[in-house]
Amino acid sequence: MSIFATKSIEQLKAEAAVSGEHSLRRVLGPINLVTLGIGAIIGTGIFVLTGEAAAQHAGPAIVLSMLLAGFASALAGLCYSEFASTVPIAGSAYTYGYATLGEFVAWIIGWDLILEYALGAATVAVGWSGHLTSFLHDFVGVAFPAQFAAAPGTLVQTSAGSVTAVFNLPAVIITVLVTILIVIGVKESANVNTGIVIVKVAVVLVVIVGGAAYVNTANWHPFIPENAGPFGEYGYSGILRGAGVIFFAYIGFDAVSVAAQEARNPQKDMPVGILGSLVVCTILYVAVSLVMVGLVPYQAMKGSPAPMVVAIRAAEQASGGSPVLHAMTMLVELGAIAGLSSVMVVMMMAQPRIFYSMANDGLLPPFAKKIHPKFRTPHITSIITGVAVAIAAGFTPIGILGEMVSIGTLMAFVIVSLGIIFLRYQRPELERPFKTPWVPFVPALSALVSLGLMAGLPGATWLRLIIWMTLGIALYFAYGFTHSEVRKRDETLAAAGGTRRR
C-alpha cells in the first residue's frame, strides 16, 4: 500500500488488449506514427524559437545547440522505444513510470507532462498567431489589430508606434479549431497531420536549398561569440543555454508513444515512429539553422515571432529584391501556419490520453476516462485541454511558455531513462521487441544530459517548475492517493491475507 506501488507489465498489457466502445481504436500504421512524430517536432522550435535562441544565447553556434539537443533527444528516444514496444499502452512516460518507479513517481510524470503537451500546444498557438498576422500584413494587406495579437502587456511595434497588447485572439481561435478536430477522431486528426507534414517538410527543404545560395559566410563569424559576462549569454554557456531553450524544437517524438494504444502493431511500429521521426527532423534542423544564421546576422532575429521570415527578408533586401527570396518568404509563412497547426494537433491529441490513463488508474476523476460513443475519443478531457490551452495561449508570453515546456519535458526524460535501468534489473525476462543498447550506460547518459540541459535554464523557470510540482503533489494526496485503483487492489489483497491468517 506504499505510494510507490507499481502496476505489473502483465496488467498493463491486459488493459491495452481490451476492445469495445469504451476503448481507444487501433487505426494507426507506421507511416501515421512517423508523420505524427514529424508533425509534432517540426514546428515552433524551428519556425519561432530558433531565432530567439541564436539572438540571445548562442549566435551562429545555435547549430551546436541543435546538435546537443538532438543528442539528448536521441538518447531519450532509445529509452522511449524500448518502453513503447514493451508496454504498448496509452500514457507514455506516465505509464512507464508506473511500471517501474511506482505510483507517486508516475503521478509526478503525468502532472509534469501537462507542461509538455498542454503548455507546448499553447506555445505553438502563440507562434501560429505571429505567423498569421505577419502573413496577413505582408501578403494580404490586412493589419490585424495589434492589441489582440499578443499576450497582455506585450509591446507590439506598428507603423503608428508601439501598442500594448491585451489578448492573443488568433491563438485562441486556432486552439478552438484544433480542439474540434481532435474530438472528432484520431484517424481524422492523423490524416490531416500527414497532409500538413508533407507541406511543411517541403517548405523546410525549400529554405535549405534555396537559401543556401544567398548565405553570407561573414554572418557565421565569430561562430561562437564571446561570452557577454552572465551565464548563458554567448560563449560555451550560451551553447548550453541555447540547447536547453531550443530543446523545445525536438519535443514531439515522445508524443508518438502516447498513441501506442491506437497503433495497429505497436511492438514493431512504435520504435519506427519514434526514432524515424527524430532522425529526419535532426538532419533538417541542423541544415536549416545553419542557413538561417548565414542569411542574416543573428542579432537581427531577436524578439521576432517569425525569425525564419526575418532571415529570408533580410537576404532579399541584401540581394536587391530577389524574386526567389520573395517567393520563399510567402512559402515559409504558409508552411509555418500549416506546420504549427499540425504540432498543435499532435500535442492536444496527446494530453487527453495522459488524462485517460491517469483516470483509468483512479488518480483522476472518472469523467477523465469517458470515451465518446461515436468518435471513440476522450472527448471531455479533449475539451478541457482545449480550454486550458486557449487561456494559456491568450494570456502568456511565448518565452515563458517555451522554457516551461522544455524543463517539464527534460524532467520526464530523466525519469523514463532511469526507468529503463530499473526495469532491466527488476524484470530481465520480459519480452522486449526493441532494446535500448548498452544498458545502463545509454539511459544513465540520457538522464545526465537531460539534467545538464535543465541546469542551463533560468532560475525563474526552475521556480515555476517547483511551484507547479508542489501544486501537483497536493492534488495527488487530496484525491489520487485515496482513489488509486492499485491501492484498492493492494488493500483487498492485504485484507484477504489477514482473513486467511485468522
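How much net charge surrounds Ile251 when only other residues with a Cβ under 15 Å from its Cβ are counted (Lys, Arg +1; Asp, Glu -1)? After counting each charged neighbour, the total is -4. Take the Cβ-Cβ distance between Thr482 and Asn191 as r, set R0 to 35 Å, and report the resulting FRET efficiency rounded to the nearest 0.05. FRET efficiency, Thr482 to Asn191: 0.25.
Based on Cα contacts under 8 Å between residues 6+ apart, the chain shows a relative contact order of 32 percent.
Shown here is the pair-distance distribution of segment 376-469: with all Cα-Cα distances grouped in 10 Å bins from zero up to the longest one, the shares run 13, 31, 27, 24, 5 percent.
Extending 7 Å from the Cα toward the beta-carbon at both Leu471 and Glu491 defines two label points whose distance is 2.9 nm.
The trypsin sites (Lys or Arg not before Pro) of segment 302-363 that meet both conditions, a loop assignment by DSSP and at most 15 other Cβ atoms within 10 Å of the site Cβ, are Lys302. What FRET efficiency do you get for Ala213 and Val142 if R0 is 30 Å and r is their Cβ-Cβ distance, rounded to the nearest 0.05? It comes out at approximately 0.40.
Once both labels are positioned 7 Å from their Cα atoms along Cα-to-Cβ, the gap between Arg427 and Phe71 label points is 3.3 nm.
Please work out whether segment 337-413 counts as rounded, prolate or oblate from its C-alpha gyration tensor, where a ≥ b ≥ c are the square roots of the eigenvalues and a/c under 1.5 means rounded, while otherwise a/b larger than b/c means prolate and anything else oblate? It is prolate, given that a/c is not under 1.5 and a/b is the larger ratio.
Residues whose amide H falls under 5 Å from that of Leu28, counting only those 5 or more places apart or on a different chain, are Ala263, Arg264, with hydrogens built in the peptide plane. Extension gain for Leu451-Glu226 works out to 78.5 nm (0.36 nm per residue, less the C-alpha to C-alpha distance). When shorter helices are ignored and each DSSP H run of at least 4 residues is given -39500 (n - 2.57), the per-residue value for the chain at 222 nm works out to -22000 deg cm²/dmol.
Past 23 Å, Cα to Cα, is the threshold; run Lys374/Lys488; Lys13/Lys370; Lys13/Lys488 against it and keep the listed order.
Numbers: Lys374/Lys488 32 Å; Lys13/Lys370 20 Å; Lys13/Lys488 20 Å.
Pairs exceeding the cut-off: Lys374/Lys488.
May I ask for the equivalent-ellipsoid semi-axes of segment 202-266, computed as the square root of five times each C-alpha gyration tensor eigenvalue and listed largest first in whole Å?
Values: eigenvalues 234, 101, 7 Å².
So the three semi-axes of segment 202-266 are 34, 23, 6 Å.
Relative intensity of segment 287-381 on a log10 scale, I(q)/I(0) at q = 0.20, 0.26 Å⁻¹, equals -0.92, -1.28, per a Debye sum over C-alpha point scatterers of equal strength in the absence of solvent.
The Cα-based radius of gyration of segment 218-354, divided by its Kirkwood radius, gives an Rg/Rh of 1.05.
Read-outs: derived from the displayed coordinates by stated rules, not from any lab. Owing to the predicted nature of the structure, the values given are computational and were not obtained by experimental measurement. Glycine gets a Cβ as well: all are built from the backbone with ideal geometry, and neighbour counts include every protein chain shown.
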